[in-house]
Structure formats: structure tokens, C-alpha cells
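Novice: One structure, pasted below without further comment.
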Amino acid sequence: MCRGTLYGVGLGPGDPELVTVKAARLIGEADVIAYHSARHGHSIARTIAEPYLRDGQLEEHLVYPVTTETTEHPGGYAGAMEDFYTESAERIAAHLEAGRDVALLAEGDPLFYSSYMHMHTRLTERFDAVIVPGVTSVSAASAATGTPLVQGDEVLTILPGTLPAEELKRRLADTDAAVILKLGRSYSVVREALASTGRLDEAYYVERASTDRQRVAPAGEIDPAKVPYFSLAMVPGGGTTAAPVAAAETGSVVVVGLGPGDADWMTPQSRRELAAATDLIGYFPYLERAGIRAGQRHHPSDNTDEPARAQLACTLAQQGRRVAVVSSGDPGVFAMATAVLEEAKQWPGVEVRVIPAMTAAQAVASRAGAPLGHDYAVISLSDRLKPWEVIAARLTAAARADLVLAIYNPASKTRTWQVAAMRELLLEYRDPSTPVIIGRSVSGALPGPDESVTVVRLGELDPAQVDMRCLLIIGSSQTQWYSGSTADKSEDRVFTPRNYPS
């Protein structure tokens, strides 16, 4: 006798007309219809499939023993559910062994937060299985609100509402758009997570999407005590929901740090601010890193036009625009925050906020170990905005104080002598064996093709090794350097102890 086939049939979100043609055909052809329900006996899955059932079909009604964590089972909730799935799988296996095809019904999609998966893993080693995908509640909710979830390069995150509050907050803060399922008694935690990440006002609440009991409302207006399990919260992508600012209102300026380069090192807060902006201003390579979203305008400029960028930002904000000025690294470290704040003094009523980010010094330090583990000074060698005499005086003071030095802008195409001058000055106070880290193009969570990190002695520092893509970290008298190794390579490790000798 031939064995039967297991069909995992997705029924869609609730409306029987959203059942696919293939699902409807297989439901009608199956010898056995299996479905789950709680102990009250009412199966949503069977109700959706009912128009496609035929007389004479066998039915396997799989009733959950518990639907909450409370149970007298000796193995607790997990033990009770394990026994239930094992018994249910054997009931279905008996039909398949007898040569009967079984359609196991699943609301939505069989492999998307569905009970079908528990049967699939227990039966497919012995029997053939066919998955029939279904329309998910996520798609139904988006349709119910008439709102696109994501566009372009926006990222959508699907979250179970049963996650701990802090994990929900972390993930909500780090995505463009989100859908939170499995609400019910979890909604108070979900609502608090939406509020604390600043996303409650943009979120929709959708209950029983696509059914005649469908309900759509702003997520902030829902009583957590009256939320059923079959509901979700939907946060559309920033590019699709941002409402235009009225021209009569005063807008705002936010100065956003992109971090050293790679998107992995950009903070969730920076991503949110970029998504909420109507206008992005900055050096054109930085704007490319920020990306573009629907409805946004980019205003690129040369890297030397900081005052002009700041003035444009305040002008647009005065017209009611939400403006993001982008900077590489941290916007308050040799970057745009100072220029914008200086300009904003002349624009009463224009709000300016600064969003911090990882600095280039932190990025290079992390590649070498922990050279900034004790007191350190940050100095730019560029004499474009301050005279060399001031730079030399500050280098001398930091060297005499035995501070580790993070050196920004050490060289450029037109500035080629400052590194050698700095080296000679520091050698008056530092031992020639002092470690110097040369970090070039350090910009991501993983080393890129152009990245290099080398360690040399101060006395052997070659200015020809240093260009405009470099940042230097020069150790103190206490900084230590040794060669470490991993499974496949050797590498230099540099650190500065937190204690200092008396």
C-alpha cells in the first residue's frame, strides 16, 4: 500500500477568499482534514477552510491541552506541549501509513509562526510532505491600513510580542519597519517598547485582519486589557509614513553621526533620525552612506563647505523642514555639530540636536586592542583652521603629561610635513620604542579590502606611510605592545593599563 502525503496548507489571514486556488483544491481532495484548536473547540482554521470541504472527509481535531504557561503537567508547559505534539503526530501518521492524504490546516502560512511546523519536524523523516504557502497576517495588516510597510532599501523586522521588553526595544530601535505578532496579554509590554523607542505614534494596531471582525486603530489608543492573541502592531517604514511638516511650523535640525563607515557601526538612533528627516545635508560620500528614502531630498556639497551647509540646514528648518546634517564618525568630534550650533545662534526657534556615534579613534583602537584604556588626548594635525604653533604647543603639553594621543587629519595631499614635525617634537618626551598605531580606512565591523592596521615604533615612524585616510594612536610611557595570534594569523596587540605607577 502506498503511503499518504502530508499537505501543510496555508489558509491565509482569515478571509476564505484569500485562500489560494491550490490550497482550496487540496483541501477538497484530501482524505483527512486536520486542524488545531484551544479547549473551547472552535477552530479558526476549519472555519476558514469550511467552504472547500466535501462530504465524507475524515477530520482530526487536535486540541491544545494548555494555551498559557499554567499547567499541572509534571513537565510544565513545555512538557505538556511536547506530549501533545508527539501524540498529534502519531494520530496523523496513522492516516499516512494507511495511505490517506492529510491536509493539515494552518492559518496564515504553514512555516510562519505556525503549529504546523511541530508536525512537519516530527513527520517528514517518515512521510512525504508538500507545503502550500499562504497569505500572512503581515500582508493582510498592511492592506487593512492601506499603508506600505517598506520601500526601497528599508528593512522589515518581524517580532513576537512575547520577547522581553529590552529585546523588543533593541530590535525596534534598529529597524526601519516592524510588525509585532502574538500580542494578547503581551500588549502592555509591546506598547511600552513602542513608546520608549519613539515609535508609538507611527504604529498601527490591527486585530483579526481580513475578517468581518477586523479592527484598525492607532496603537497608542488601544486598551492592553482588551487585546486578543490574533492581533498585531505594525510600524511602517519611515519613508512611507513621515507626514510632511506644515510650512507655517518651525522645523528642526539634527546632526547625525554615521560612525566610521560601515552600517554595522551606525547606531539605531542615527538610523531613526535619518529615516524621519525630510532633507539630508552633507558631504556627498556621506550622503551616499546614509541612503535615500521616498520623499527625502539630498543636498550634497564639498567637504570644505561647513558654514554653507549649516546655513542651509537652518534655512530649511525655518521653512518647516526636518533636516538631518550628516557627519562621518561622531558629529561633535572635528565634524559638523560645531558649525551647525554656531550658525543656529542666529536662528531663534530652530531646534538643534546632536546624535552621537562611534569615533574614528574608537574604531582604530578596537582593531589594535585597547590603547585608549587610560587618559588620552585627541588632536588634529590640520592647520587649516588653527596655526601650527597652536598644534605644536598642544602636542608638547600632551607629551609632557604622558597622555596617549589620538591624531586626526595627520596628512593630506597638500599637507605632507606635519607628521615628521610631530614625530620629532614627541621624541623629546617619548622613548623611540613607543608604539604607534597607523589605522587606514578602518570603517566596519569586519575589515574591508582597503583597511590596514600596523604598529611601528615612534622612532621608526615613516611619514610616507601616512595619508589622509589614516588615524594615528601614539602610546604613552605605559602603553604595551605584544604579538598575539589567532587560529589563522598573528597580530599586534596594544593596550594602555588603567593603573598608573605612583
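The values are calculated or read from the model by the stated rules, or taken from the named source; none is laboratory data. Just so it is clear, the model here is predicted, and its values are computed rather than measured. Backbone-built Cβ (ideal geometry, glycine too); neighbour counts: all protein chains shown. Keep in mind that these areas ignore ligands, DNA and RNA; they rest on the heavy atoms of the full protein, side chains included. Shrake-Rupley method; radii C 1.70, N 1.55, O 1.52, S 1.80 Å.
Novice: So which pairs qualify, if the first residue must be in region 429-450 and closer than 16 Å to Arg289 by Cβ, the second must be of a type in the set (Ser, Thr, Tyr) and in a loop (DSSP other than H, G, I, E, B), the Cβ gap must be under 9 Å, and the two must be at least 6 apart or on different chains?
Specialist: Every condition considered, the pairs that remain are Ser443/Ser328; Gly448/Ser441; Asp450/Ser441; Asp450/Ser443.
Novice: Failed condition for Ser485, given (1) within 17 Å of Ser366 (Cβ to Cβ); (2) open to solvent by 20 Å² or more (accessible area, probe 1.4 Å); (3) in contact with a strand residue (DSSP E or B) (Cβ under 8 Å, 6 or more places away or on another chain); (4) modelled with pLDDT under 95, with all others met?
Specialist: Going through (1) within 17 Å of Ser366 (Cβ to Cβ); (2) open to solvent by 20 Å² or more (accessible area, probe 1.4 Å); (3) in contact with a strand residue (DSSP E or B) (Cβ under 8 Å, 6 or more places away or on another chain); (4) modelled with pLDDT under 95 one by one, Ser485 breaks only (1).
Novice: Here is a follow-up. Hey, can you tell me all the residues within region 57-74 that are open to solvent by 70 Å² or more (accessible area, probe 1.4 Å), modelled with pLDDT of 95 or more and not hydrophobic (A, V, I, L, M, F, W, C)?
Specialist: Answer for region 57-74, where residues must be open to solvent by 70 Å² or more (accessible area, probe 1.4 Å), modelled with pLDDT of 95 or more and not hydrophobic (A, V, I, L, M, F, W, C): just Glu59.
Novice: Out of curiosity, is Pro449 open to solvent by 20 Å² or more (accessible area, probe 1.4 Å), part of a loop (DSSP other than H, G, I, E, B) and within 28 Å of Gly259 (Cα to Cα)?
Specialist: yes
Novice: Another one. I'd like to know if region 94-104 contains one or more residues that are out of contact with any His (no Cβ under 7 Å at 6 or more places or on another chain), within 28 Å of Leu18 (Cβ to Cβ) and open to solvent by 70 Å² or more (accessible area, probe 1.4 Å).
Specialist: Within region 94-104 (the criterion being out of contact with any His (no Cβ under 7 Å at 6 or more places or on another chain), within 28 Å of Leu18 (Cβ to Cβ) and open to solvent by 70 Å² or more (accessible area, probe 1.4 Å)), the answer is yes, since at least one residue qualifies.
Novice: Another question, if that's okay. Take region 147-164 and flag every residue that is open to solvent by 30 Å² or more (accessible area, probe 1.4 Å) and hydrophobic (A, V, I, L, M, F, W, C).
Specialist: Val150, Val155, Leu156, Ile158, Leu163
Novice: Of the residues that make up region 267-277, is at least one touching a Gly at 6+ places or on another chain (Cβ under 7 Å), loosely packed, with under 14 Cβ neighbours inside 10 Å and modelled with pLDDT of 85 or more?
Specialist: no
Novice: Inside region 103-131, can you point out the residues that are within 23 Å of Tyr64 (Cα to Cα), in contact (Cβ under 8 Å) with a residue 40 or more places away in the chain and of a type in the set (Val, Ile, Thr)?
Specialist: Within region 103-131, Thr124, Ile131 meet the criteria.
Novice: List the number of the failed condition for Pro260; all other conditions in (1) of a type outside the set (Val, Ile, Thr); (2) in contact (Cβ under 8 Å) with a residue 60 or more places away in the chain; (3) surrounded by fewer than 20 Cβ atoms within 10 Å (Cβ to Cβ) hold.
Specialist: (3)
Novice: Then there is this: If Glu125 meets every condition in (1) closer than 22 Å to Leu11 by Cα; (2) open to solvent by 70 Å² or more (accessible area, probe 1.4 Å) apart from one, which number is that one?
Specialist: Exception for Glu125: condition (1).
Novice: Let me ask something else about it. State all residues of region 278-290 that are surrounded by fewer than 15 Cβ atoms within 10 Å (Cβ to Cβ) and either among the acidic types (Asp, Glu) or under 20 Å from Ala344 (Cα atoms) (or both); if no residue qualifies, say none.
Specialist: Passing the criteria: only Glu288.
Novice: Continuing with the same structure: So the check is Cβ under 9 Å with 6+ separation or different chains; which pairs have a first residue in region 266-279 that's over 16 Å from Val235 (Cβ atoms) and a second one that's of a type in the set (Lys, Arg) and part of a helix (DSSP H, G or I)?
Specialist: Met266/Arg289
Novice: Oh, and also: Of all helices (runs of 4 or more DSSP H) completely enclosed by region 5-123, which ones contain at least 2 residues that are touching a Ser or Thr at 6+ places or on another chain (Cβ under 9 Å)?
Specialist: Filter on region 5-123 gives 44-49, 76-97, 116-123.
Novice: Taking region 215-234 only, how many residues are among the charged types (D, E, K, R) and in contact (Cβ under 8 Å) with a residue 40 or more places away in the chain?
Specialist: Counting residues in region 215-234 that are among the charged types (D, E, K, R) and in contact (Cβ under 8 Å) with a residue 40 or more places away in the chain gives 0.
Novice: Checking the conditions here, which among Ala217, Ala225, Ala178 is in a strand (DSSP E or B) and surrounded by fewer than 15 Cβ atoms within 10 Å (Cβ to Cβ)?
Specialist: Ala217
Novice: Looking at Tyr7, Tyr35, Tyr77, can you tell me which residue is modelled with pLDDT under 95 and aromatic (Phe, Trp, Tyr)?
Specialist: Just one listed residue meets the conditions, Tyr77.
Novice: Also, I was wondering about something else. Within region 41-48, identify whether any single residue is touching a strand residue (DSSP E or B) at 6+ places or on another chain (Cβ under 6 Å) and small (Gly, Ala, Ser), and answer yes or no.
Specialist: Yes, because at least one residue in region 41-48 is touching a strand residue (DSSP E or B) at 6+ places or on another chain (Cβ under 6 Å) and small (Gly, Ala, Ser).
Novice: Could you check, for region 405-412, whether at least one of its residues is over 20 Å from Phe334 (Cα atoms) and surrounded by fewer than 18 Cβ atoms within 10 Å (Cβ to Cβ)?
Specialist: Scanning region 405-412, I find no residue that is over 20 Å from Phe334 (Cα atoms) and surrounded by fewer than 18 Cβ atoms within 10 Å (Cβ to Cβ), so the answer is no.
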